Amino acid sequence: MTLTSPHTSALSLEDRTTGCLVGAAVGDALGGPVEGWTPEQIARRHGGPVRGIVGPWYEDWRTARPIAPYHKGDGHVTDDTLMTHALVRVYETVRDHLDAYAVADHLVPDLITNPRWIPELEAEALPLQRIFLAEKWLVARLHYGHVDPREAGTGNIVNCGAAMYAAPVGVVNAANPAAAYAEALDIAGAHQSSYGREAAGVFAAAVAAAFLPGATPESVVSHALALAKDGTRAAIEAVCETAAAHTDTESARGPLRAAVAPFDTVGPDYRAPSLGARRPSRLHSVEELPIALGMLLAGGGDYRRTVLGAVNYGRDCDSIATMAGAVVGALRGESAIPRDWAQEVSESSRLDLRAPATGLAAVTREVFARDQDRRRAHEAAFAQIAGRP
């Protein structure tokens, strides 16, 4: 059942923006400690499905996985949120639409210049020291390699790395999914190629569609499908068709995984990817975005049900819950997010989760005014060359 309310259309830009960014961060923090595991492993570890904020999988989190010595859990956000907030800061600096050059000129310098509190490291450090290898690619290619920003994503592993922080693009293009899609594709060219870049565009479009008055989970998926291409479109279609037959996310987990499996290159064991994993293809899709949209449908647009469905799905569940949480928050506003979860994540991560939303909403209003001026100038110029009807 899809949850709707008579006041949904009256939610303000600011409320939806706060819901989107806070919803993404809380989903990220809930999914972080169980990322990479299967639903069965998660249930064994926690005595059943995760129902809220939990502690780290390993008590010795600093040494259990040397390649990722991070304190995931206890309300700590991961690199999904760190990158999302970094992109918000770029928008606050540029105060207009972004492109791949903005990533090179502003995002990369921020990652390597400005120390910040990193929750999973429990220390102040450069964001570069926390972001994972597919995101470090940005620094290697753009700062050290001086690659054309529009093409820098080529050669990186194809994953959801660019999509996981694309929610701000959807906000800046609120209620205009096509524009969000185009802008996110341009931005993501610096980071990803193929279906990884496509996922960023479609996720941004889904967020923008969630801002439309009267939007529902079904309408968000419809807008996503109208723009998605190739394997990404096919995967969303297959997953969401399956999700429509379910009224709860727990029963949907297995069927949704089966639906996305033909399009997912990683394979059944998330921690041991197949030899063909994460390579460019027109036939494949990242797993995270279709599953996030599927959970949105199965959860009926309810934040708790949708995000916990994403968390207990396992695999790359922090990114799935980030995307699902962003869309639900944009649909239903900040009040949809359990206040105790948001407060604990904010306090544990030492982050003001609302401040980035306040800044981004202000930028969004400025960009809309700029777009109006540009559109009017274009209309006036066109009228002179084409003649008035």
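Here are some notes:
- Cβ separations smaller than 7 Å between residues 6+ apart or across chains give the following pairs from segment 237-250 residues that are hydroxyl-bearing (S, T, Y) to residues that are modelled with pLDDT of 95 or more and open to solvent by 40 Å² or more (accessible area, probe 1.4 Å): T242/P255; T249/R305.
- Which numbered condition T216 fails, given (1) farther than 21 Å from N159 by Cβ; (2) under 17 Å from the mean Cα position of the chain (by Cα): (2)
- When we screen H71, H76 for residues that are surrounded by fewer than 24 Cβ atoms within 10 Å (Cβ to Cβ), not β-branched (V, I, T) and not in a helix (DSSP H, G or I), the only hit is H71.
- Exactly one residue out of R271, R253, R278, R282 is of a type in the set (K, R) and in a helix (DSSP H, G or I): that is R253.
- Selected residue (only one of S194, S219 is open to solvent by 10 Å² or more (accessible area, probe 1.4 Å), under 19 Å from V260 (Cβ atoms) and among the polar types (S, T, N, Q)): S194
- Single residue of A361, A336, A310 found to be small (G, A, S), open to solvent by less than 40 Å² (accessible area, probe 1.4 Å), touching a helix residue (DSSP H, G or I) at 6+ places or on another chain (Cβ under 9 Å) and under 19 Å from C240 (Cβ atoms): A310
- Test: residue in segment 238-258 that is surrounded by fewer than 18 Cβ atoms within 10 Å (Cβ to Cβ) and of a type in the set (V, I, T): yes
- Residue list for segment 117-132, restricted to those being out of contact with any helix residue (DSSP H, G or I) (no Cβ under 9 Å at 6 or more places or on another chain) and touching a residue at least 24 places away in the same chain (Cβ under 8 Å): E122
- Some residue of segment 29-46 being of a type outside the set (G, A, S) and under 17 Å from the mean Cα position of the chain (by Cα): yes
- Filter pass, A355 being of a type outside the set (D, E, K, R) and surrounded by 20 or more Cβ atoms within 10 Å (Cβ to Cβ): no
- Residues of segment 278-307 satisfying the condition of being touching an Asp or Glu at 6+ places or on another chain (Cβ under 6 Å) and either under 18 Å from S222 (Cα atoms) or open to solvent by less than 10 Å² (accessible area, probe 1.4 Å) (or both): E287, E288
- Check on I53, in contact (Cβ under 8 Å) with a residue 12 or more places away in the chain, touching a Phe, Trp or Tyr at 6+ places or on another chain (Cβ under 8 Å) and assigned to a loop (DSSP other than H, G, I, E, B): yes
- Taken over segment 197-216, the residue count meeting the criterion of being farther than 27 Å from E334 by Cα and surrounded by fewer than 24 Cβ atoms within 10 Å (Cβ to Cβ) is 0.
- Qualifying residue in segment 301-312 (condition: within 18 Å of the chain's Cα centre (by Cα), closer than 29 Å to A178 by Cβ and among the acidic types (D, E)): yes
- Inside segment 259-277, residues that are surrounded by 17 or more Cβ atoms within 10 Å (Cβ to Cβ) and either modelled with pLDDT under 95 or closer than 17 Å to E198 by Cβ (or both) make up a count of 5.
The values are calculated or read from the model by the stated rules, or taken from the named source; none is laboratory data. Everything numeric in this text was worked out from a predicted model, so none of it was measured. Quick reminder, even Gly has a Cβ in these numbers, built from the backbone with ideal geometry, and neighbours come from all protein chains shown. Accessible surface is based on the protein model in full, side chains and every heavy atom, while ligands, DNA and RNA are left aside. Shrake-Rupley method; radii C 1.70, N 1.55, O 1.52, S 1.80 Å.
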